[in-house]
1. If you go through segment 234-244, how many residues are within 13 Å of the ligand (Cβ to nearest atom) and buried (at least 18 other Cβ atoms within 10 Å of the Cβ)?
2. For residues that are touching a strand residue (DSSP E or B) at 6+ places or on another chain (Cβ under 6 Å) and farther than 30 Å from residue 302 by Cα, scanning just segment 207-225, find the one that is surrounded by the most Cβ atoms within 10 Å (Cβ to Cβ).
3. As an exercise: evaluate residue 12 against (1) modelled with pLDDT of 90 or more; (2) crowded, with 16+ Cβ neighbours inside 10 Å; (3) out of contact with any strand residue (DSSP E or B) (no Cβ under 7 Å at 6 or more places or on another chain) and give the number of the one condition it does not meet.
4. Could you tell me whether segment 278-297 includes any residue that is part of a helix (DSSP H, G or I), loosely packed, with under 15 Cβ neighbours inside 10 Å, more than 19 Å from the chain's Cα centre (by Cα) and modelled with pLDDT of 75 or more?
5. Has segment 147-161 got any residue that is in contact (Cβ under 8 Å) with a residue 12 or more places away in the chain, touching a helix residue (DSSP H, G or I) at 6+ places or on another chain (Cβ under 6 Å) and within 30 Å of residue 284 (Cα to Cα)?
6. Filter segment 251-269 down to the residues that are in contact with a helix residue (DSSP H, G or I) (Cβ under 9 Å, 6 or more places away or on another chain) and either closer than 30 Å to residue 182 by Cβ or surrounded by fewer than 14 Cβ atoms within 10 Å (Cβ to Cβ) (or both) and list them by number.
7. For segment 133-153, enumerate the residues that are within 22 Å of residue 75 (Cβ to Cβ) and part of a helix (DSSP H, G or I).
8. Looking at the structure I just gave you, is residue 204 over 30 Å from residue 281 (Cβ atoms), touching a strand residue (DSSP E or B) at 6+ places or on another chain (Cβ under 6 Å), at pLDDT 85 or above and crowded, with 16+ Cβ neighbours inside 10 Å?
Ligand SMILES: [Zn+2]
């Protein structure tokens, strides 16, 4: 990301598959523990997938985008109430940046944030490449403006022409984009002077990540970047922002979903949970491992 040429191999590829299907790109994908070579930059302290920026990678990325557009994540929808709880906390935490503001969200997915934010914001615009998620959102939230496609496609179609926002949010999205600085610069151009960007991501320098080593469950081919504290601060500065704050946050998941994830990671393949156990453990639990972080940046100049 910083252009330094001497990155080192951090973890060699594990259980790499040769083909992908639509399910791999679902947010609730159980494809943990399978990844390409992961490199580490000693300069910006970020981890990243090998081949990033090469023609081969761009080809794979386009293939991935095509698959992602077709995602129908019913597993996620089954668990969406726990996601509402997580986002309810986020909306309360960042109320001064959201209340009565014009909001843009990159990666709206099935509206877990939108559902909690909509009552208090002035306006909400969401960008989402999954066609299934977009039709779900359009039907459920008629007051919101939902745009289907990647940000590049939407700009090309002039759907954001003349629009500007007070706050832009990206929840667990920035590690999925191939050029995060370019994405942040693009978003910067849609922010009003002094506007705010809020994004959450995974932290490769967290104690939990360091303890888990190559078994850290967030290492997967869907995640192109693994940021460190220094890495995301540097990324903000290069895109016309200064960092206002960064904080760890806890998230809610249904207990059975968490058990299922842990078992699947341990066994290296998805585990089927009996229906009865699923019903018994369908209550939300709060998780805080310290390996996820929310960053708040303020626009200081045009990128
Ligand atoms: Zn670097």
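The values are calculated or read from the model by the stated rules, or taken from the named source; none is laboratory data. Not measured: the values here are computed from a predicted model. Virtual Cβ from ideal backbone geometry, glycine too; neighbours counted across all protein chains shown.
1. Here the count works out to 2.
2. Among those that are touching a strand residue (DSSP E or B) at 6+ places or on another chain (Cβ under 6 Å) and farther than 30 Å from residue 302 by Cα, it is 219.
3. The single condition residue 12 does not satisfy is (2).
4. Yes, the conditions are met somewhere in segment 278-297.
5. no
6. Residue satisfying the conditions is 251 alone.
7. Matches in segment 133-153: 133, 134, 135, 136, 137, 138, 139, 140.
8. Answer is yes for this residue.
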